[in-house]
1. What do you reckon, is Gly89 away from ligand 1 (no atom under 16 Å from the Cβ) and at positive phi?
2. Suppose we filter Asp173, Asp154, Asp140 for residues that are surrounded by fewer than 23 Cβ atoms within 10 Å (Cβ to Cβ) and within 17 Å of the chain's Cα centre (by Cα); which single one remains?
3. Can you tell me which condition Gln75 does not meet? The list is (1) buried (at least 20 other Cβ atoms within 10 Å of the Cβ); (2) within 19 Å of Ile19 (Cα to Cα); (3) of a type outside the set (Val, Ile, Thr); (4) more than 16 Å from ligand 2 (Cβ to nearest atom), and all the others hold.
4. Please determine, by comparing only the residues of the stretch 266-286 that are part of a helix (DSSP H, G or I) and buried (at least 16 other Cβ atoms within 10 Å of the Cβ), which one is farthest from the chain's Cα centre (by Cα).
5. I'm trying to understand the selection: among the residues of the stretch 369-389, which are of a type outside the set (Lys, Arg) and more than 20 Å from Asp348 (Cα to Cα)?
6. Does the stretch 106-117 include one or more residues that are surrounded by fewer than 16 Cβ atoms within 10 Å (Cβ to Cβ), among the hydrophobic types (A, V, I, L, M, F, W, C) and assigned to a strand (DSSP E or B)?
7. Somewhere in the stretch 128-138, is a residue touching a Ser or Thr at 6+ places or on another chain (Cβ under 7 Å), of a type outside the set (Val, Ile, Thr) and without any contact (Cβ under 8 Å) to a residue 60 or more places away in the chain?
8. Name the residue, out of Ile19, Ile85, Ile39, that is away from ligand 2 (no atom under 16 Å from the Cβ), under 17 Å from Ser153 (Cα atoms), of a type in the set (Val, Ile, Thr) and surrounded by 16 or more Cβ atoms within 10 Å (Cβ to Cβ).
Amino acid sequence: MPLIVQKFGGTSVGSIDRIRSAAARALATQRAGNDVVVIVSAMAGETNRLLALAGEISPLPDAREVDSLASTGEQVSAALMALAIQAQGGKARSLLGHQLKILTDSAFSKARIKAIDAQRLHDTLGQGTIAVVAGFQGVDDAGNITTLGRGGSDTSAVAVAAAVGAACEIYTDVDGVYTTDPNICPTAKKIERISYEEMLELASLGAKVLQIRSVEVAMKYGVPVHVRSSFSDAPGTWVIGEEQSLEKVTVTGVALDRNEARVMLVGVADRPGIVAQTFGALARENISVDMIIQSPSVHAIQPGSDEGSIRTTDVTFTVTKADLPRAQHIMESLTAAVGAREVRYDEDIVKVSIVGLGMRSHAGVAARMFELLAAERINIEAISTSEIKISCLLATKYAELAVRALHDGFGLGANT
Ligand code: ASP
Ligand code: MG
């Protein structure tokens, strides 16, 4: 019998009424001739409530106990969902992380799944029963309860689907992934099919819909994921392998990332090893760097200066705003060593990216992007590219204007 994994997010199990309608959907799917595994999140707001309780006791609560606490939200929804299915005449059994044996590493609050006992699931389903699995949680080798990071029940669902070779439906409160944020650009429209690769590059758009790690797991195991609304029967967005995404459109979506900050090392000595030293220090502190630009120093080319003898360079890079204070600290201890004249920091920037598989085979996409920004008199502060993505760093005040210009300029708008 075909097997379908259905995951219901926090709003889709946010009340008894909603649990009832999710249960009805699972039963209808079973009656249509499928085996069904349901994965549930905690009821909307519950995980936040639980974490706040721990926070009231201690500003830095013990990680093991926090996971033990946070995992209870999903235990409640799993039991309620099983009861709701039973109340509608079906058979259901709830399974917690340790009961199903979702084996993870021991990194509390961000554990990674190592293995899932698929046999346990098959045994449950074999009796015509719907298996209701608590998302977000697992168990480590020592038997400790672990959790997978915020939004982690998406990853539970995709991992379970991978373990049993099923497709995965993610029921949520939006009806899919959009070409850009509809709050910024009213012409944004729902994407019917998107590849794993594009979804990962559009993280800032997609992360609101799916935990990004779940996309990595789906890509690794080739699990087709259908993100759709639990409030309607309309098809949502399929996240699938590149081979299955029919036409390779040039630009699939426009993403806006407000989380980056810029660091500029001005007038650094231009000799081997300086860049290695700078980024080595950041890497040792686990700070990831996104864009990097090195250019002749603004100081070296000032009139009257002797360029030949000064030989300095400017190194500009971006880190997340969250990492900026630590990066700042490292730069201060490094300025003397690398001979920087000054270090500038700028949080008033955003990164706007266009993403699309078709870029690989189309020339001129970057040029078109720059033209569209130039037509709005938007200055580009830095550029970075990958095979399927082009990003520009801009002043924050241009964020919305840039997104709209690129979205409609590349013909993604609903009426274009
Ligand atoms: N309940 C967890 C959270 O809020 C996991 C999830 O909903 O996916 O992060
Ligand atoms: Mg979620």
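1. Yes; evaluated as a whole, the condition is true for this residue.
2. Numbers: Asp154 fails: surrounded by fewer than 23 Cβ atoms within 10 Å (Cβ to Cβ); Asp140 fails: within 17 Å of the chain's Cα centre (by Cα).
Only one candidate qualifies: Asp173.
3. (1)
4. If we filter the stretch 266-286 for residues that are part of a helix (DSSP H, G or I), which is where we start, we get 274-284.
Narrowing further to those that are buried (at least 16 other Cβ atoms within 10 Å of the Cβ): 274-275, 278, 281-282.
Numbers: Ile274: 33, Val275: 29, Thr278: 28, Ala281: 27, Leu282: 23 Å.
For the stretch 266-286, the residue satisfying everything is Ile274.
5. To start, the set of residues in the stretch 369-389 that are of a type outside the set (Lys, Arg) comprises 369-376, 378-388.
Met369, Phe370, Glu371, Leu372, Ala375, Thr385, Ser386, Glu387, Ile388 - these are the residues of the stretch 369-389 that are of a type outside the set (Lys, Arg) and more than 20 Å from Asp348 (Cα to Cα).
6. Yes: the stretch 106-117 contains one or more residues that are surrounded by fewer than 16 Cβ atoms within 10 Å (Cβ to Cβ), among the hydrophobic types (A, V, I, L, M, F, W, C) and assigned to a strand (DSSP E or B).
7. yes
8. Working: Ile85 fails: under 17 Å from Ser153 (Cα atoms); Ile39 fails: away from ligand 2 (no atom under 16 Å from the Cβ).
The unique qualifying residue is Ile19.
We did not get these values from a lab; they are worked out from the coordinates using the rules stated. Owing to the predicted nature of the structure, the values given are computational and were not obtained by experimental measurement. FYI the Cβ positions are ideal-geometry reconstructions off the backbone, even for glycines, and counts take in every protein chain you see.
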